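The values are calculated or read from the model by the stated rules, or taken from the named source; none is laboratory data. Computed from a prediction, not measured in an experiment: that's the story for all the values here. Note: ideal-geometry Cβ built from the backbone for every residue, glycine included; neighbour counts use all protein chains shown. We work out accessible area using only protein heavy atoms, side chains counted, and drop any ligands, DNA or RNA first. Shrake-Rupley method; radii C 1.70, N 1.55, O 1.52, S 1.80 Å.
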Amino acid sequence: MPRIQTSSGLWIGFVEAGGGDETPIVFLHGVGSDKSVWHPQLDHFGKARRAIAFDYPGYGDSDPAPDGTTRDDYAEGIHAAMHALDVERAHICGLSLGGVVAIALCHAVPNHCASLILADTFAVHPDGEAIYQRGLAGSTDLPAMAEARVDALLAQPADPADPAVRREVVQTMSRIDPAAYRIGAEAVWLADQRERVADIRIPTLIICGEEDKPTPPDLSRDLHAMIGGSQLAMIPRAGHLTNLERPAQFNTAVERFIGS
């Protein structure tokens, strides 16, 4: 997989598709995944514009993240990687931790964000500390945690498409470096960005699976209420991983939003 070196010397993993003059779209993954989970979106959006999915420091093909790395450091690394790829302005689409990082990126460099797509995420999670502590305990054996948690991440009961999605989720989480997972877990579950969310002034779409358990729909409704002029799209029969579980519905919602 390709990597790009930022001005600070950090190498960031990425995968991209498409090109042309339309505003690019950037995809940011969750704590239990990496850039590879965005393949349904790269295939779709790459037909009309440049579409790029990044790894955070410590994930996938990126350089390891030093101890003390924060969600703001993730945002800085993604922005530096965008700049290195000559992407000065893009639609920013993040899921779960990716949404947290997208909010941090918009706070740091709002003029470089054409719009935000915040999927299955939140400004602050009422149970964040407990989820974080469970993640720390489970990080000693990520393959086992992946098997134990996957059915809570996906809508139930499973439909015929779910076995392949389930395998992908387990395999992706299993290959994450445990130290990187712990940094990512702190970045997402202990986030409190309510002040930053209230300051968002760019077009924003909020997406949530109607059966999302880790980040329930009420948290997306809270985001919608906090961001003036935002749009809210609920996806039926989807859990926490809406882009993988219902890619057609996810892509349609994003396409309509950025097209408007």
Does Arg166 qualify as being part of a helix (DSSP H, G or I), open to solvent by 60 Å² or more (accessible area, probe 1.4 Å) and either out of contact with any strand residue (DSSP E or B) (no Cβ under 7 Å at 6 or more places or on another chain) or of a type in the set (Lys, Arg) (or both)? yes
Do we find a residue being of a type in the set (Val, Ile, Thr), at pLDDT 95 or above and in contact with an Asp or Glu (Cβ under 9 Å, 6 or more places away or on another chain) anywhere in the stretch 238-253? yes
Please determine whether any residue of the stretch 37-50 is among the polar types (S, T, N, Q) and outside any helix (DSSP H, G or I). no
Yes/no for Cys113 being open to solvent by less than 10 Å² (accessible area, probe 1.4 Å), of a type outside the set (Ser, Thr, Tyr) and farther than 20 Å from Ala225 by Cα: yes
Run down Glu186, Glu195, Glu211 and say which single residue is part of a loop (DSSP other than H, G, I, E, B), among the acidic types (Asp, Glu) and open to solvent by 20 Å² or more (accessible area, probe 1.4 Å). Glu211
Count, please, the residues in the stretch 146-163 that happen to be in a helix (DSSP H, G or I), open to solvent by less than 20 Å² (accessible area, probe 1.4 Å) and hydrophobic (A, V, I, L, M, F, W, C). 3
Please go through the stretch 42-56 and give me each residue that is over 13 Å from Glu255 (Cα atoms) and open to solvent by less than 10 Å² (accessible area, probe 1.4 Å), ordered by number. Ile52, Ala53, Phe54, Asp55, Tyr56
Quick one: Ser115 ticks every box in (1) within 25 Å of Asp177 (Cβ to Cβ); (2) touching a residue at least 40 places away in the same chain (Cβ under 8 Å); (3) part of a strand (DSSP E or B) except a single one, so which number is it? (1)
